[in-house]
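Student: If you scroll down you'll find the structure; I have some questions about it.
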Amino acid sequence: AQKNWNPKGKPWESKGKPQWNNSAQTHSSSTGQEAVKPQCKVCSKYHFGECRYKGKPKCYNCDRFGHLARECTAEKAVQKANCASQMEVSGNLFYANCATTDSKPNGDWYIDSSCSNHMTGNMDLLVGVRTNVAGKVQMPTGALVNVAGMGSLVIDTTKGRKYIREVMYLPGLKENLLSVGQIDEHGYCLVFGDG
């Protein structure tokens, strides 16, 4: 208790140094852990304060900051099978679907701006599936479908594995959907252009 008091009996005051107030990020436990650093939305690392990479371009080839993919000197890694992969595709794409006759969902994923959460009908694409989640999703037809689980999608990139968290498992869903809003919420960014 003596460490927090100066000789005149008053608490020590900060001399212009920033005070970190992470009351929402702090918790006490029996292990003695005092504070948890928040995850940065720019670099996805855990630290306090402003990110040193904020405002710097990020390379989509090597996943590092400071340059763009067209200026990258790193080699492109060979993509592995049996997992979602990054592909660079040129051309125009338009996707619309009214009905489908396929009974089993495939491994293709569609970026959906009207979808509130990531979702799939194929549990084999997910890792760490939790079945104790409860909820319902309203389909475009108006029908309510129960959420049967939630897990993570594994994507192998040139910089290592990335995990898309909070992917809902909805049995019977024919398409695999990535939510634009949820991608942004988790600190990733989507770039649309040249159209």
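The values are calculated or read from the model by the stated rules, or taken from the named source; none is laboratory data. It should be emphasised that the depicted structure is a prediction, and the values quoted were computed from it without experimental measurement. Positions of Cβ are backbone-derived with ideal geometry, glycine not excepted, and every protein chain shown enters the neighbour counts.
Student: How many of the residues making up segment 174-191 are touching a strand residue (DSSP E or B) at 6+ places or on another chain (Cβ under 8 Å) and modelled with pLDDT of 85 or more?
Tutor: 7
Student: Which condition does Ala84 not pass, out of (1) surrounded by 15 or more Cβ atoms within 10 Å (Cβ to Cβ); (2) at pLDDT 65 or above, if it passes all the others?
Tutor: Failed condition: (2).
Student: Can you confirm whether segment 72-80 contains a residue that is at pLDDT 80 or above and polar (S, T, N, Q)?
Tutor: Yes, there is a match, as at least one residue in segment 72-80 is at pLDDT 80 or above and polar (S, T, N, Q).
Student: Quick one: in segment 51-71, which of the residues that are surrounded by 14 or more Cβ atoms within 10 Å (Cβ to Cβ) and more than 20 Å from the chain's Cα centre (by Cα) is modelled with the lowest pLDDT?
Tutor: Ranking the candidates gives Ala69 first.
Student: For the structure I just gave you, tell me whether Phe48 is surrounded by 12 or more Cβ atoms within 10 Å (Cβ to Cβ), touching a residue at least 24 places away in the same chain (Cβ under 8 Å) and of a type in the set (Phe, Trp, Tyr).
Tutor: yes
Residue-by-condition table, conditions (1) modelled with pLDDT of 85 or more; (2) more than 30 Å from Lys58 (Cβ to Cβ); (3) not in a strand (DSSP E or B):
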residue	(1), (2), (3)
Ala96	no, yes, yes
Asp102	no, yes, yes
Gly107	no, no, yes
Tyr110	yes, no, no
Met119	yes, no, no
Thr141	no, yes, yes
Glu166	yes, no, no
Gly195	no, no, yes
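Student: To continue, here is another question. Here's a check for you: in segment 143-164, which residue that is without any contact (Cβ under 8 Å) to a residue 40 or more places away in the chain and outside any strand (DSSP E or B) is farthest from Leu190 (Cα to Cα)?
Tutor: Only one residue fits best here, namely Ala143.
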